[in-house]
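The values are calculated or read from the model by the stated rules, or taken from the named source; none is laboratory data. Only a predicted model underlies this, so the values are computations on that prediction, with no experimental measurement involved. With ideal geometry, Cβ positions are generated from the backbone for all residues, glycine too; neighbour counts draw on all protein chains shown. Ligands, DNA and RNA are stripped out before the accessible areas are found, and what is left, the full protein with its side chains, is counted by its heavy atoms. Shrake-Rupley method; radii C 1.70, N 1.55, O 1.52, S 1.80 Å.
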Amino acid sequence: MEFEVLPGTAGLTLTRVTHILVPGHGRDAGGTGLTPGGADRCRTAAALHRRLGRGLIVCSGYKSPVDGKGTPWTSPGAPGETFRGVPEADLMRNWLVAAGIGESSIRVERHSVDTVTNLLRAEHEGHFGDDRPVAIVAQAGHLGRILAVVAPRTLRRPYLGVVVPGGAPENPLARPVSRLIVAGLPHDPARAITTATRRAERLWSLAQRLGRRSYH
């Protein structure tokens, strides 16, 4: 499989990448399965992991603030916590394990609610385990926003993008909303995550009330 690479950190090439980050791409109508686009991300991430032969795949995402689907769900990996439906990260992990990726190579970040918090939590909660370079796997529209707006303000490691084939154009609200979420975030990681989460919840809820945002 050939991979289309989009530049991020200057001079970084795929041969130097160690880890893979897969941001969530929504859930199905019941909140218990991936969207086709989410499965496509997993497929590309699995192929890339096999090509690299090293590192971790970090699956990142709970659900969008405007995704209200699903019944209460708990995970053995998060004792004492109850989620609404199955978090995107757990769904992606299950897909990857079923595809033959070893469980020891997968990390789950199941609390983020949008792209900014995907990257903030993956980076600052220690899911990669080190500071080696990462490839972010997403469809071209989403990846363009990540590389231009989000990654420079959230990651503290070299990064580049790997394009997932297919996918529709992004909602035109997505980029300006991400700019608002990352603007002037606190330097302290915990405060940055809290602030970004609060902003995402408010902005996407407002967009939904205005009839400008729905979610899968």
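Identify all residues within segment 199-216 that are within 25 Å of Thr32 (Cα to Cα), modelled with pLDDT of 80 or more and not aliphatic (A, V, I, L, M); write none if there are none. Once the filter is applied, which keeps residues that are within 25 Å of Thr32 (Cα to Cα), modelled with pLDDT of 80 or more and not aliphatic (A, V, I, L, M), segment 199-216 yields Glu201, Arg202, Trp204, Ser205.
Close contacts from segment 7-23, counting a first residue that is within 19 Å of Gln139 (Cα to Cα) and a second that is among the charged types (D, E, K, R) and open to solvent by 60 Å² or more (accessible area, probe 1.4 Å), with Cβ to Cβ under 7 Å and a gap of 6+ residues or different chains, come to His19/Arg132.
For the condition surrounded by fewer than 23 Cβ atoms within 10 Å (Cβ to Cβ) and among the β-branched types (Val, Ile, Thr), Thr154 does not qualify. When Arg54, Arg41 are screened for being under 25 Å from Pro169 (Cβ atoms), at pLDDT 95 or above and not polar (S, T, N, Q), only Arg41 passes. No other residue among Ala183, Ala190, Ala207, Ala196 is aliphatic (A, V, I, L, M), in contact with a helix residue (DSSP H, G or I) (Cβ under 6 Å, 6 or more places away or on another chain) and either within 21 Å of Pro65 (Cα to Cα) or open to solvent by less than 30 Å² (accessible area, probe 1.4 Å) (or both) apart from Ala196. Could you look through segment 1-45, keep only residues that are open to solvent by 50 Å² or more (accessible area, probe 1.4 Å) and among the hydroxyl-bearing types (Ser, Thr, Tyr), and pick out the one that is farthest from Val163 (Cα to Cα)? Only one residue fits best here, namely Thr32. A single entry from Gly61, Gly55, Gly31 fulfils the requirement of being within 16 Å of the chain's Cα centre (by Cα) and closer than 19 Å to Asn118 by Cα: Gly61.
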